[in-house]
Ligand code: RIB
Ligand code: CA
């Protein structure tokens, strides 16, 4: 899909157009009919961008933020989420601490990509605000039961918190309006050749979510690989000179340096911001329905998301072993999609929205 020259006016005018937002200089306010979301996240550089984007998006009623261990341990992802809430001036949003570890595995972090502190090494003051007393899984259950059929879960990290909530309340899945996830890939992983990080860290949790029956939107590496943040984007953020734009620019500058030192000529990719943006404007992406299942037994492939397309042969699994009792390869005898999967993205329009919102005046 097309690209266009990055200019601050292009960016700001197109971002404002999306939600009928007034151009910079007017106060930020919630739009009428704002959609209820909980954002589950492991900040994380791209998570931080996604959180700042969400908190500057009037289409969203953010019922809460639920940090989880992932990119960095919870001891860092929790305060990083609190810092973003303070920087965005949105201390109206409750933050509920989530899981310190995946359901059945040791925690594998991504400090190589996000820096030891999870923000590319960018240093911000310790947060003054505190999380609420309830843990994330209890908070998710409370909010979904308070607003049945109205709450969408925006999943930006390993899905441990949501899986724990689903396991605690068998009726919960049918009360959740939708799940939008940055997760998975139908075109190879970024931790192993098979697995994308969020699914790799907690494959069992992800499989519970994919098999829950909740309507799922999957924004995977297939499209997020096309969202490398550039120096031109950062310059627009620095020119805006607001608390949000400067925090984003500071995180970006630090993480770009980290990427360059690691030999990555481009990036960081805005994986999580694209997932959030897809909820704001699905027309940014092209979609296809798949039946997606998650490998959890593989010695090499655990965390792989396999996308089955309609075919008359049914959905096959691995060949049965002689030691096992199974004799058929069939998992399901007919194709029933469980996820809408993003297969292409208009990167220029996405960055106009992301940078335009982050550079907008509060
Ligand atoms: O694979 C990319 C995903 O893993 C993103 O959510 C990033 O923040 C990391 O959590
Ligand atoms: Ca993340």
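Bear in mind these aren't lab numbers, they're just calculated from the coordinates by the rules spelled out. Everything numeric here is computed off the predicted structure, so don't read it as measured data. Note: ideal-geometry Cβ built from the backbone for every residue, glycine included; neighbour counts use all protein chains shown.
Among the residues of segment 89-121, those identified as touching a residue at least 40 places away in the same chain (Cβ under 8 Å) and either surrounded by 22 or more Cβ atoms within 10 Å (Cβ to Cβ) or not in a loop (DSSP other than H, G, I, E, B) (or both) are 96, 98, 99, 102, 111, 112, 113, 114, 115, 118, 119, 120.
Looking across segment 126-152, the residues that are free of Cβ contacts under 8 Å to residues at least 12 places away in the same chain and either loosely packed, with under 13 Cβ neighbours inside 10 Å or in contact with a helix residue (DSSP H, G or I) (Cβ under 7 Å, 6 or more places away or on another chain) (or both) come down to 133, 146.
Tally up the residues in segment 42-62 that are in a loop (DSSP other than H, G, I, E, B) and within 16 Å of ligand 2 (Cβ to nearest atom), please. Outline the logic, then answer.
Restricting attention to segment 42-62, the residues satisfying the condition of being in a loop (DSSP other than H, G, I, E, B) are 42-44, 56-59.
Adding the requirement that they be within 16 Å of ligand 2 (Cβ to nearest atom) leaves 42-44.
Looking only at that region, the number is 3.
Taking every residue in segment 32-55 that is free of Cβ contacts under 8 Å to residues at least 60 places away in the same chain and within 14 Å of residue 280 (Cα to Cα) and pairing it with any residue that is assigned to a loop (DSSP other than H, G, I, E, B) and within 15 Å of ligand 2 (Cβ to nearest atom), at least 6 positions away or on another chain, the pairs with Cβ-Cβ distances below 9 Å are 51/43; 51/156. Once segment 265-279 is narrowed to residues that are away from ligand 1 (no atom under 14 Å from the Cβ) and free of Cβ contacts under 8 Å to residues at least 60 places away in the same chain, the residue that is nearest to residue 342 (Cα to Cα) is 266.
For segment 279-311, the candidate set comprises residues that are within 18 Å of the chain's Cα centre (by Cα) and over 25 Å from residue 114 (Cβ atoms); within that set, the residue that is surrounded by the most Cβ atoms within 10 Å (Cβ to Cβ) is 292. Within segment 161-176, the set of residues being in contact (Cβ under 8 Å) with a residue 60 or more places away in the chain and either over 16 Å from residue 96 (Cβ atoms) or touching a strand residue (DSSP E or B) at 6+ places or on another chain (Cβ under 9 Å) (or both) comprises 161, 162.
Would you mind stating whether residue 78 is touching a helix residue (DSSP H, G or I) at 6+ places or on another chain (Cβ under 8 Å), more than 19 Å from residue 183 (Cα to Cα) and within 16 Å of ligand 1 (Cβ to nearest atom)? Give the steps one after another, and end with the answer.
Working: touching a helix residue (DSSP H, G or I) at 6+ places or on another chain (Cβ under 8 Å): no; more than 19 Å from residue 183 (Cα to Cα): yes; within 16 Å of ligand 1 (Cβ to nearest atom): yes.
No.
Among the residues of segment 108-138, those that are within 16 Å of ligand 1 (Cβ to nearest atom) and over 18 Å from the mean Cα position of the chain (by Cα) comprise 112, 115, 116, 117, 121, 122.
Of all residues in segment 243-264, those being within 16 Å of ligand 2 (Cβ to nearest atom) and surrounded by fewer than 18 Cβ atoms within 10 Å (Cβ to Cβ) number 0.
Would you confirm whether or not segment 271-278 contains a residue that is in a strand (DSSP E or B), in contact with a strand residue (DSSP E or B) (Cβ under 7 Å, 6 or more places away or on another chain) and buried (at least 18 other Cβ atoms within 10 Å of the Cβ)? Scanning segment 271-278, I find no residue that is in a strand (DSSP E or B), in contact with a strand residue (DSSP E or B) (Cβ under 7 Å, 6 or more places away or on another chain) and buried (at least 18 other Cβ atoms within 10 Å of the Cβ), so the answer is no.
Taking segment 63-75, which residues are away from ligand 2 (no atom under 14 Å from the Cβ) and over 17 Å from residue 130 (Cα atoms)?
Restricting attention to segment 63-75, the residues satisfying the condition of being away from ligand 2 (no atom under 14 Å from the Cβ) are 63-64, 75.
Answer for segment 63-75, where residues must be away from ligand 2 (no atom under 14 Å from the Cβ) and over 17 Å from residue 130 (Cα atoms): there is none.
If only residues of segment 197-229 that are within 13 Å of ligand 1 (Cβ to nearest atom) and under 12 Å from the mean Cα position of the chain (by Cα) are counted, the one that is nearest to residue 351 (Cα to Cα) is 224. Do we have residue 39 as within 19 Å of residue 148 (Cα to Cα) and within 14 Å of ligand 2 (Cβ to nearest atom) here? So residue 39 fits the description; yes. Only a single item in (1) assigned to a loop (DSSP other than H, G, I, E, B); (2) within 16 Å of ligand 2 (Cβ to nearest atom); (3) at negative phi is not met by residue 267, and it is number (3).
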